[in-house]
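Working notes, beginning with the structure itself.
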Amino acid sequence: QVQLVESGGGLVQAGGSLRLSCAASGRTSSINVMGWFRQAPGKEREFVAAISWSRGTTLYLDSVKGRFTISGDYAKKTVYLQMNSLKPEDTADYYCAAVWFSTNWRDSREYDYWGQGTQVTVSS
């Protein structure tokens, strides 16, 4: 089993920045792709970004490209989501997820492990 713990959420004004962290523990050798998803009230869970540990490949939701950056520290088994130029529409609960292999990083059903989520609120 793998445990994922997110941190770093909070309240920020529009245009501000936050950095989310997701620390993995347990059987971390069984994961290679780590991603971030978000879910706003009344909406479906949405892919935000993902990274592959083995290749360093990244993928982003179009609306966050140029504003968000996903990165990872393999030694610490931690993935980060740096969020800049935040907008009110970025307000959501953000979830970290992990899987060994996936053919579609954007599909939440591909991920085996999930964190408990961290709330991000962007005020206008």
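Consider VAL48 carefully, then state whether it is closer than 19 Å to ARG27 by Cα, surrounded by 18 or more Cβ atoms within 10 Å (Cβ to Cβ), touching a strand residue (DSSP E or B) at 6+ places or on another chain (Cβ under 7 Å) and touching a residue at least 12 places away in the same chain (Cβ under 8 Å).
no
Any idea which of VAL120, VAL99 is more than 21 Å from ASN32 (Cβ to Cβ), open to solvent by less than 40 Å² (accessible area, probe 1.4 Å), of a type in the set (A, V, I, L, M) and modelled with pLDDT of 95 or more?
From the options VAL120, VAL99, the qualifying one is VAL120.
Looking at the range 12-45, which of the residues that are part of a strand (DSSP E or B) and open to solvent by 70 Å² or more (accessible area, probe 1.4 Å) is nearest to ASP73 (Cα to Cα)?
It comes out as ARG19.
Within the range 76-92, track down each residue that is in contact (Cβ under 8 Å) with a residue 60 or more places away in the chain and open to solvent by less than 50 Å² (accessible area, probe 1.4 Å).
Within the range 76-92, TYR80, LEU81, MET83, LEU86 meet the criteria.
The values are calculated or read from the model by the stated rules, or taken from the named source; none is laboratory data. Worth saying up front: this structure is predicted, and the values here are computed from it rather than measured. Every residue, glycine among them, receives a Cβ derived from its backbone with ideal geometry; neighbour counts consider all protein chains shown. Calculation scope for accessible area: heavy atoms of the full protein, side chains included, ligands and nucleic acids excluded. Shrake-Rupley method; radii C 1.70, N 1.55, O 1.52, S 1.80 Å.
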